[in-house]
Amino acid sequence: MRRYVLRRLLLMVPTFLGITVLTFAVAQLAPGDPFSLETESAGLTADALARQRANAGLDAPIPLQFARWVSRVVRFDFGRSLIDQRPVLEKLGEAMPRTALVAGLALLLGFGLAVPLGVFLATNARRRWARVLEATLLIAWSVPSFWLAVLLLMFFAGPRYLDWFPVQGLADGGFVLPVICLTWPTLVIATRQVRSAMEEALRQDYVKAARARGIPERRVIWNHALRNSLLPVVTMLGLHLPFLVGGSVVIERIFGIPGMGLLAFDSIGTRDYPTVMGVATVMAVVTMFSMLLVDLAYGFIDPRIRVERAG
Amino acid sequence: MRRLWADRGGRRALLFLGALLGVALGADLLASEFPLVVRVGGKTHWLPCVTKPVDLDLSNPEWLVRTPIHFGPLQTLAATGEDRPQPPPWAPDTVHWLGTDELGRDVAARLVHGARVSLFVAFFTVLISLGIGLVIGGLSGYAGGLVDAALSRLLEVMQTFPLVFFLIALLSIVRVQSLWPLVIALALTRWTEVARLVRAEVLSLESREFVLAARALGASPARIIARHLIPNALGPALVVATFGVGSAILLETALSFLGIGVAPPTASWGELLTEAHRTLHHPGAWWLALFPGLAIASTVLAVNALGEAVRRSVDGRA
Amino acid sequence: MIRLASLAVVLALSGCQRCGGAAPKGPDAAWLEGRLTPETGAPREGGTLVVRVPIEPVGLTRLHDRFNEGTMVRLTVGPIYETLTRLAQTWSESDDHLTLTITLREGVKFHDGHVLDSHDVKATIDVVMNEQLPTAGFRASLETLSSVETPDPRTVIVRWSKPYFLATHTLLAALPVMPASALVGDFDTLPIHRAPIGTGPFRFEKWDPGTSISLVRADDRAHLERVVYRFVKDDPAAMQAFEKGEFGLMTRLTPSAWRALESQPWAWQRTQRIAFPENTWAWLGFNQRKAMFADVATRRALAMLYPADTIEKTVDLGLEPRTTCPYYPGSKSCDPTVTPLPFDPSAAKRLLAEAGWTDADHDGVLEREGVKFSFAFLAAAQSVKMTKLLPLFLDTLKAAGIDARIETVDVSAYLSRVRAHDFDAMALSWSSADEVQDNFANFHSSQAESGNNFLGYRNPEVDRLLEQIRDDFDAEHRASLEREVHRRVYADQAYLFMGRRPALDAAARSVHGLKPSLGWYDLSAVWIAN
């Protein structure tokens, strides 16, 4: 077990390097730099701009810039934002909890509801209400999330209909609507995943065997079949995190939540390289560890799977 | 395919999407400022709505047959010369069936031409990501060892990297005004799912009897991949790909909302919906939001229903 | 899908029921024009004013200003910081305009308790003039400053290397004075960037990153107990919050949001609208380094293809009057007899033909010397106005045989390409918080390489006038020179001048004492009724 975890941790190194190279390349390729935005200060000369670039080390040759970049990433020393001069770690520290709250709740709710829903759909596939539910899920999946967000804002935070929630921010219950918006697609996708995995499991021999042994149907479903059908769902859980953070840009923008998604969007938009570096690194680390946790969770869910399998 | 057609949901979805494809391909025949046929100056011009001739004088035709929607997708009121007491957006009426946007552009015309753009983006995004995913996933699964390890890292990098960085950077580098940069950017971020699936599928297939048999008979690796592994992995990949079309359409709307989607004035569904969001303060302009919203939702619904049907038929075959 | 449809229908219906049923009384004339009614009654003390700010500032020093300068100046200079116009008791200039002597008021205190003296003024100027610091934007207008002396705590003597009409004005009216003690140390990380200390009627209270900045009353110059700047990026969301009464003051409405208020009873019952002509003028420009746009005739033809009336009607909604002048419209610096070129496609076509543009190969696009009249407008993707305006212009250009496209890139890429002169056509607006301004940087040929003359406009006669203006201290005579600049720049079509943008704001009815000016509102005069 310990060797497996160690091996996985070692495998993170090349991935991490790859992300660093990719981030650097993306930052280099996008035209402009943080100082190109200063055009509004009339009379700013090319000399002054060149000096600011030099101060920020942006005039160094690319390999040297890359070496500096990597050395900062591995030390988690992102320095200060080139835009507002605040430490990048401080900015990340403000954005992370907000996103963690919204995305975490969405993840919990989405997967938490998906398991019973999926099981019910799989075991009652022929019932009328299951078909209605199924169709509803399919329809729900088809609505653009920003459109849903705008509708929710209008009907549940607007002055004309149900004025239950604040229009902007997380305080005073403001997290409810964004969580709904993010839970929605998660729930739909996860439910369908659980359902199809469950259907698959119910066809397997060991379930039939369990039934034949006279084990009550409820126990067959919840203990034997579910255990196995959870595997693909748990895989999805790990992969779903970056998706959730990425998808939250739009939601954060509409609901005015200054979280990781907006920070990523704004920092690449202003070419704030240190912040870009910080966001990419932190998200990479979080995602990689969540994938590792998922793999470890396999072992607990299905004891047949030995953790020594290839990573 | 036959199995798909036999499936009720699959048939309905196919019919809907086929009709939609017809609309998208024939957008010029449905909505254009030029007529379908016109006789002018003793000469008959066929389909000027497709050829868009610049020197055709339409002011005095002997007779003409117009497209069902009389406007092009980019025609603002500066081009149509319409003059009404109230500034646009104008509500649906007999001239503009689905109303106009803030520039007096016909919503119906934009919707029809937007279908072409949105479907183009979604279809090619999925096609390219399917291609990349099949190759990388197949290679990774079949070759194993170092190649697999390296490609798995690449997969992980792409899955972990924040999507927005990629899109903004790529879209600000490329200078050409075409849909391809958007398609490629989307495809590059979306191939991972397919690759993962194909790799897993290939791994499980490799130990199956027919592959082992082929190998024992001395078939070359390329032959095994092309004849045995890819066709068998294609089914599950197709399911993912079909659902991918739906999410690509939704992703396009989100990108338009963030201002990094299809460049204006090109009409895409995402762009239309974004315009509706910008004009949200017009209390009555429901037609701006309703029609593009319906178009997107029903298309994605059909695509997902098709995906379900594909899954059912693939499962049935397995 | 079905649910979505019915929701939208319900929305539409209920919207209309409201129009028909409620409030027979419409808005009055003052509300429609955006005039404020004269104040009556005594100010009430206390209360909180919440102001909607669309973009969070990156810092609050003003010296080290970045891309959202406009926002930052409004937020701090006035309420928190004061300029020498307020802090000086008297000032006098020598006859040769080379020495400025300032006597500070007595007993002015910073919010941290220490008393303002001449060293604070000198320290602030030193920071601006320090070439090592990122204060170049401010430094540019003070480049003629040669030394600052402080003979005693209340006297500051500033010496200029050569006379420049705007230097004294900039120093007195724009420089926010900060305490010397707060400017010591590594400039980039000074606490004062995030927690300003000034002498104004409001004291900085706290900055909640991503959410708001709040100020509290510093002394009895202010009526309000607290001012909160809340950052809301999304326009529809901000408007919704305003309707719910969460904002006392909404700034920078778009013309269509402003017009949309007119059909909504809550708006005319509970709010007041404020329209104020700012010194902001927008222009489209063609890169005159390219042969296509090098001649005046072509540029004039392009101007005559600009569908001004249609744009006025659909994009600006009658709120952004046309201008032809690179100075504050309506001021003495503009010649009122200059009339805008009319929208006249047939005249434009004749002009283009005279300039050598013909469609010899009958492909619908003009050529001259083998080059097709085909170009791209570079536009920032986030610019809503451009995405609305350019399609209209494209239509009229196309009809005249000019093939124009829109190329959208994000703001950073946009500005870096503008600076690198890597574009065919672009759009920008110049904005000033002051009525007096110097167009040297915008039109002088020396500024075409690395200055703000992005389009590469060159006219020796205009160069000469702009140089004369710089050391002319006679306001009347200067204005006559500026009118000449106006006439020539317009005749040359250095820019394709569009409209001048007013400040379109809205406030709750309970907010009193709002007096719009070029320097924004004087928040110390504002009060809130019960």
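Taken together, the values in this text are just the output of simple stated rules run on the coordinates, not laboratory data. Everything numeric in this text was worked out from a predicted model, so none of it was measured. Cβ coordinates were reconstructed from backbone atoms using ideal geometry, including for glycine residues, and neighbour counts include every protein chain displayed.
Here are a few things to note about the model shown:
- For C:Pro54, net neighbour charge (Lys/Arg +1, Asp/Glu -1) across residues whose Cβ lies under 11 Å away: +1
- Farthest toward positive dipole pole in the protein assembly as shown [+1 Lys/Arg, -1 Asp/Glu at C-beta], among C:Asn453, B:Ala24, B:Leu306: B:Leu306
- In terms of packing, defined here as the mean over residues of other Cβ atoms within 10 angstrom, the peptides A:267-276, B:146-155 line up highest first as A:267-276, B:146-155.
- Span from the the stretch A:184-263 Cα centroid across to the the stretch B:1-54 one, whole angstrom: 41 Å
- Space enclosed by the convex hull of the alpha-carbon atoms of chain C, per residue, Å³: 187 Å³
- Chain B: angle of helix B:269-278 to the longest principal axis, Cα-based, in degrees nearest 10: 60 degrees
- Per residue of peptide C:384-393, the mean number of Cβ atoms on other chains within 10 Å of the residue Cβ is 5.
- Given +1 at the Cβ of Lys and Arg, -1 at the Cβ of Asp and Glu and no other charges, the dipole of chain A around its Cα centre is 1800 debye to the nearest 20.
- Average beta-carbon neighbours from other chains, 10 Å sphere, peptide C:395-403: 2
- Partner shielding of C:353-359 amounts to 0, given as the average count of beta-carbon atoms from other chains within 10 Å of each residue beta-carbon.
- By the count of neighbouring beta-carbon atoms within 10 Å, fewest first, C:Lys385, A:Lys91 end up ordered C:Lys385, A:Lys91.
- Over chain B, DSSP H runs of length four or greater, each weighted -39,500 (n - 2.57), average out per residue to a 222 nm ellipticity of -21000 deg cm²/dmol.
- Calculated [θ] (222 nm, deg cm²/dmol) that DSSP helices of n ≥ 4 give over chain C, each run adding -39,500 (n - 2.57): -9000 deg cm²/dmol
- Charges were assigned to the Cβ only: +1 to each Lys and Arg, -1 to each Asp and Glu. The resulting dipole of the stretch B:112-210 about its Cα centre is roughly 380 debye.
- Pairs beyond 20 Å (Cα-Cα), from B:Lys52/C:Lys398; C:Lys162/C:Lys332; A:Lys91/C:Lys206; C:Lys385/C:Lys515; C:Lys313/C:Lys385; C:Lys290/C:Lys385: C:Lys162/C:Lys332; C:Lys385/C:Lys515; C:Lys290/C:Lys385
- Once both labels are positioned 7 Å from their Cα atoms along Cα-to-Cβ, the gap between A:Ala60 and C:Ser480 label points is 5.9 nm.
- Put in line by how crowded their Cβ is, counting other Cβ atoms within 10 Å and starting with the fewest, C:Asp410, C:Asp363 read C:Asp363, C:Asp410.
- Of every Cα-Cα pair in the stretch B:1-78, the percent that sits beyond 21 Å: 44 percent
- Debye intensity ratio in log₁₀ form over the Cα atoms of the stretch A:174-265, taken at each q of 0.12, 0.19, 0.22 Å⁻¹: -0.53, -0.84, -1.00
- Against the main long axis of the alpha-carbon atoms of chain B, helix B:230-257 sits at an angle near 40°.
- Cα-based helix-to-principal-axis angle, B:145-160 vs chain B, degrees rounded to 10: 30 degrees
- Against the compact-protein benchmark of 2.2 N^0.38 Å, the Cα-based radius of gyration of the protein assembly as shown scales to 1.01.
- Ordering of C:94-107, C:416-429 by burial proxy (mean other Cβ atoms within 10 Å per residue, highest first): C:416-429, C:94-107
- Cα centroid separation, the stretch B:251-303 to the stretch C:93-148 (Å): 52 Å
- Sorted ascending by nearby beta carbons within 10 Å, beginning with the fewest, C:Lys162, C:Lys332 become C:Lys162, C:Lys332.
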